[in-house]
1. Among the residues of segment 254-267, is any in a loop (DSSP other than H, G, I, E, B), assigned by TED's automatic domain parsing to the domain that holds I35 and open to solvent by 20 Å² or more (accessible area, probe 1.4 Å)?
2. For residues that are in contact with a Leu (Cβ under 7 Å, 6 or more places away or on another chain), within 16 Å of the ligand (Cβ to nearest atom) and touching a residue at least 40 places away in the same chain (Cβ under 8 Å), tally how many sit in segment 83-102.
3. Starting from residues that are within 11 Å of V99 (Cβ to Cβ) and part of a loop (DSSP other than H, G, I, E, B), keep the ones in segment 110-133 and report whichever is least open to solvent (accessible area, probe 1.4 Å).
4. Report, by residue number, each residue of segment 305-327 that is within 23 Å of E276 (Cβ to Cβ) and surrounded by 20 or more Cβ atoms within 10 Å (Cβ to Cβ).
5. Applying the selection to segment 16-28, what residues are open to solvent by less than 10 Å² (accessible area, probe 1.4 Å) and more than 16 Å from the ligand (Cβ to nearest atom)?
6. Which fully enclosed strands (runs of 3 or more DSSP E) of segment 299-382 have 2 or more residues being more than 26 Å from the chain's Cα centre (by Cα)?
7. What are the pairs with Cβ atoms under 7 angstrom where one residue, in segment 52-76, is assigned by TED's automatic domain parsing to the domain that holds V14 and open to solvent by 60 Å² or more (accessible area, probe 1.4 Å) and the other, located anywhere, is at pLDDT below 95 and not in a strand (DSSP E or B)? Sequence gap at least six, or different chains.
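The values are calculated or read from the model by the stated rules, or taken from the named source; none is laboratory data. Predicted, not measured: the structure shown is a model, and the values here were computed from it. Counting neighbours? That spans all protein chains shown, and the Cβs are built from the backbone with ideal geometry, glycine included. Areas reflect the complete protein model, heavy atoms only, side chains present, ligands, DNA and RNA absent. Shrake-Rupley method; radii C 1.70, N 1.55, O 1.52, S 1.80 Å.
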Amino acid sequence: MGDITVSGGKNTAVAVIPAALLCNAPCTIENLPDIEDVHALIDILRDLGAKVDYVPDRSLTVDASGATGYHVPFFQTKRLRASYYLLGALLGRCGKAEVAYPGGCDIGSRPIDQHLKGFVALGAKIEDRGGMVYAKADRMTANDIFFDVVTVGGTINVMLAAARAEGNTVIYNAAKEPHIVDLANFLNSMGARVKGAGTDVIRIRGVKELHGCTYTVIPDQIETGTLMIAAAATRGDVTIHGCIPTHMEALSAKLLEMGVRVTENDDSIRVRPQGEQRAVNIKTQVYPGFPTDLQQPMTSLLCMANGVSTVSETIFEQRFKHLDELRRMGAKIRLMDRTVLIEGVREMYGAPVTVTDLRAGAALVVAGLMAKGVTEIYETSYIDRGYERIEEKLRSLGADIRREKI
Ligand code: EPU
C-alpha cells in the first residue's frame, strides 16, 4: 500500500524545451522530469548559445536571445531521439539547421522522411551531409501537409517549424497524443496560434514573433502507466497522484479486463489487487489506443496472468528485445512475426538481465518485482533517459530495489 506522485512528461519535455528556441525572451518551464533526455537538451541549447537556468524538480528557464548556433553535432544528437526537434525549432527560429540524424532507443527502423517532407512543404531545402541533415529556407511559408503515416515526432516537428512561418499551415493525419496538445498549449502561451491539437487536423496560423511565458508540462502518461503496471504486478494497493486519468483509459481498461481494480479520481488513480489476474489480448495503437511505450512493461505483467495472452506491436517492429531476458526469468513466451504469445506461469525467477532500450528497462524492473529471488539489471542508463529516480519511487512504495555502482 502506498502513494506516489508522477513526474512531468518526458515526451512533452523533449518537445517543449526546443520550442523555447522560437522566441527571444525567457521561457520558464515547470514540472520537468529530472531525466537524462532533459539534461542532454540543456547541454545542446547551451552549445547553441542560449542561456539556460535549471533547478531540478523546480523549473528550467531558457533565454534564447543570444543563441546564434544552428549546428548540433553527432555526439550530442545521439544522446536522445528527440534531438530531431532541433531541426523544426531551428528552422522556425532562423530558417537554418544542421543536425545529425537522431539517436535514441533501437526499437526498429525509425525514419524521419515525414518530418523532412513537412519541412520541404514549408519551403526548406534539405541536404544529407554525411550523417547530418542540413535544412535551409530563405523564407518559411505555410502549406497543407498530409502525413502518410501518423507520426508523433513528425507532427511536433512541423508544428515547431510552422509556428512562425508566413500564412496558415494545416497538418492532416496528425498524431493526437497528449504531448501534442501540451506542445500546442505551450506554443499558444508564447503567442502562437495553433488550433485543433488532439484531433487529426491541426491548423497553425504563423505569427511574426513569439514572446516568453511560464508553462507547466503535463504529467508523464507512460510513467503513470508503468507505476500502475508495477502495482498490479506486485498485487499492491497503490495510489498514483498528479496524473491525468483520461490519458490512461486504454491501460485502465486492460487492467480491469485482467481483474485488477482501477479507480479514478480527478488527478489520481488507485490500483488494487482482486484475486486472480486473467490473460488478455493487446494491440498497440496510436493515441487513444494502447500505447506502444507500455507494451513492454505490460508484457512482463502478463507473464504471470492466468491463461494465454497475445500482445501485437503495430508501431515499432523490433520492440521485443526484452523477451529473451524475460525468458531467462522463467517466462513462457513465443514471438510470431510482431505478436507475442504469452503463456502465464505461476512463478518467475530472478536472474541477471540486460536492458536494451528505455521501455525494455521498465519491463525488466516490473519482472524483477514479480520474480522470486534477486534480479540484477544491467545497462540501467537506458532507464534513466526517461524515468526519474525509478528505484527511489519504487522503494518508497515498499519495493526492495537499489542501485549499485559496478
Ligand atoms: N515513421 C515513418 N516516417 C517518419 C516518422 C515515423 O515511417 O518520418 C513511422 C515510424 O517508423 C513508426 C511510426 O511511424 O513506425 C510512428 O513513429 P512516431 O514518429 O510516431 O514515433 P517517434 O516520434 O519516433 C515518439 C516517442 C516514442 C513513442 C512514439 C509513439 C518521443 C521522443 N518519442 O517517437 O517514445 O514510442 O512517439 O508514441 O516523443 C519512448 O518514450 O520510449 C519512445 C520511444
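1. Of the residues in segment 254-267, the ones in a loop (DSSP other than H, G, I, E, B) are 259-260, 265-267.
Filter once more, keeping what is assigned by TED's automatic domain parsing to the domain that holds I35: none.
No; the residues of segment 254-267 include none that is in a loop (DSSP other than H, G, I, E, B), assigned by TED's automatic domain parsing to the domain that holds I35 and open to solvent by 20 Å² or more (accessible area, probe 1.4 Å).
2. Within segment 83-102, residues that are in contact with a Leu (Cβ under 7 Å, 6 or more places away or on another chain), within 16 Å of the ligand (Cβ to nearest atom) and touching a residue at least 40 places away in the same chain (Cβ under 8 Å) number 3.
3. Within segment 110-133, the match that is least open to solvent (accessible area, probe 1.4 Å) is I112.
4. A305, S309, V311, L326
5. Correct list: A20, L21, L22, C23, C27.
6. Per the criteria, 332-336.
7. Here the result reads F74/G131, each pair linking segment 52-76 to a residue that is at pLDDT below 95 and not in a strand (DSSP E or B).
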